[in-house]
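Encoded as structure tokens, the structure appears first; notes follow it.
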Amino acid sequence: MAMLLRKLESIGTLSDVERQAIQGLPVRTQTLNARQDIVRDGDRPSHCCLILDGWACRYKLLHEGRRQILSFHIAGDVPDLQTLHLPTMDHSLATVTKATVAFIPHESLRELTVNFPSIGALLWRDTLVDAGIFREWITGLGRRSAFERIAHLFCEMYLKLQAVGLAGDFRCRMPTTQNDLADALGLTPVHVNRVLRDMRGLALITLRSSTLVIEAWDELLRVAEFDPTYLHLEKPVAA
């Protein structure tokens, strides 16, 4: 449960007793291939899914196979935490890469939050941070240019990865395809390709072999108009 502890402690604090309680949760782990559904729209799951390794995404699938990615998720995230209180899934959750996930029974999570209200408050805080991320994505889809949307997403994912110890020195994994970025940001793959080429030409980033290197962090922040407040991270990052 180390990744869950890292994630929660990036947005709050836990006592030693609370850490032990989280580490004692019963889990069933499973390794899934890339592009595999974890839980589907309309399902009524009895477990929450913790990402241990790899990337996942929330998405909605429209007629004729049109997909809207709603968010990307990394190790430490519990992207279907809302199923503790909303029994029917209103979207799907799938792996982006090969991923290892842990399934935690709802009953065990509910018992944990009753016995440790501070953990319950921290899980609630995590869902509120999720809501803040959704607001930023809506703003981007509605008002940011394609260049700004991609720059903003790169800043967001770098800080999320850095907060749980998966990025540093302005370098991180970025295993999303251009189709993934297009489906997340309301663009076409051709448009995404053009923006990435422009970013490389301006020496803002390099992106190869699923690794993102941010060459000019301050400039990327500026062009994205990126303010990390909505991530509500407890510790300063990306100095």
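The values are calculated or read from the model by the stated rules, or taken from the named source; none is laboratory data. In this text, all values refer to a predicted model and were calculated from it rather than measured experimentally. Counting neighbours? That spans all protein chains shown, and the Cβs are built from the backbone with ideal geometry, glycine included.
State whether the residues of the range 60-67 include one that is surrounded by 13 or more Cβ atoms within 10 Å (Cβ to Cβ), of a type in the set (A, V, I, L, M) and farther than 23 Å from Leu128 by Cα. Checked the range 60-67: at least one residue is surrounded by 13 or more Cβ atoms within 10 Å (Cβ to Cβ), of a type in the set (A, V, I, L, M) and farther than 23 Å from Leu128 by Cα. In the range 65-94, the residue that is farthest from Ser10 (Cα to Cα) out of those that are of a type in the set (Ser, Thr, Tyr) and in contact with an Asp or Glu (Cβ under 8 Å, 6 or more places away or on another chain) is Thr88.
All of (1) in the same structural domain as Leu62 (by TED's automatic domain parsing); (2) in contact (Cβ under 8 Å) with a residue 60 or more places away in the chain hold for Val114 with one exception: (2). Ser71 passes every criterion in (1) more than 26 Å from Thr229 (Cβ to Cβ); (2) in a strand (DSSP E or B); (3) of a type outside the set (A, V, I, L, M) apart from (1). Restricting attention to the range 120-138, does a residue exist that is farther than 23 Å from Asp53 by Cβ, in a helix (DSSP H, G or I) and touching a Leu at 6+ places or on another chain (Cβ under 7 Å)? No, there is no match, as no residue in the range 120-138 is farther than 23 Å from Asp53 by Cβ, in a helix (DSSP H, G or I) and touching a Leu at 6+ places or on another chain (Cβ under 7 Å).
Of the residues making up the range 27-68, those that are part of a loop (DSSP other than H, G, I, E, B) and without any contact (Cβ under 8 Å) to a residue 40 or more places away in the chain are Leu62, Arg66. Which residues, counting only those in the range 10-30, are β-branched (Val, Ile, Thr), within 22 Å of the chain's Cα centre (by Cα) and either more than 24 Å from Leu93 (Cβ to Cβ) or surrounded by 13 or more Cβ atoms within 10 Å (Cβ to Cβ) (or both)? Those that are β-branched (Val, Ile, Thr), within 22 Å of the chain's Cα centre (by Cα) and either more than 24 Å from Leu93 (Cβ to Cβ) or surrounded by 13 or more Cβ atoms within 10 Å (Cβ to Cβ) (or both): Ile11, Thr13, Ile22, Val27. Go through the range 200-239 and report how many residues are in contact with a Leu (Cβ under 8 Å, 6 or more places away or on another chain), of a type in the set (A, V, I, L, M) and at negative phi. Result for the range 200-239: 11. Condition check: over 18 Å from Gly76 (Cβ atoms), hydrophobic (A, V, I, L, M, F, W, C), modelled with pLDDT of 95 or more and surrounded by fewer than 21 Cβ atoms within 10 Å (Cβ to Cβ). Does Phe154 satisfy that? No, not satisfied.
For the condition under 17 Å from the mean Cα position of the chain (by Cα), buried (at least 19 other Cβ atoms within 10 Å of the Cβ), at pLDDT 95 or above and farther than 30 Å from Thr188 by Cβ, what is the one hit in Gly76, Gly54, Gly140?
It is Gly76.
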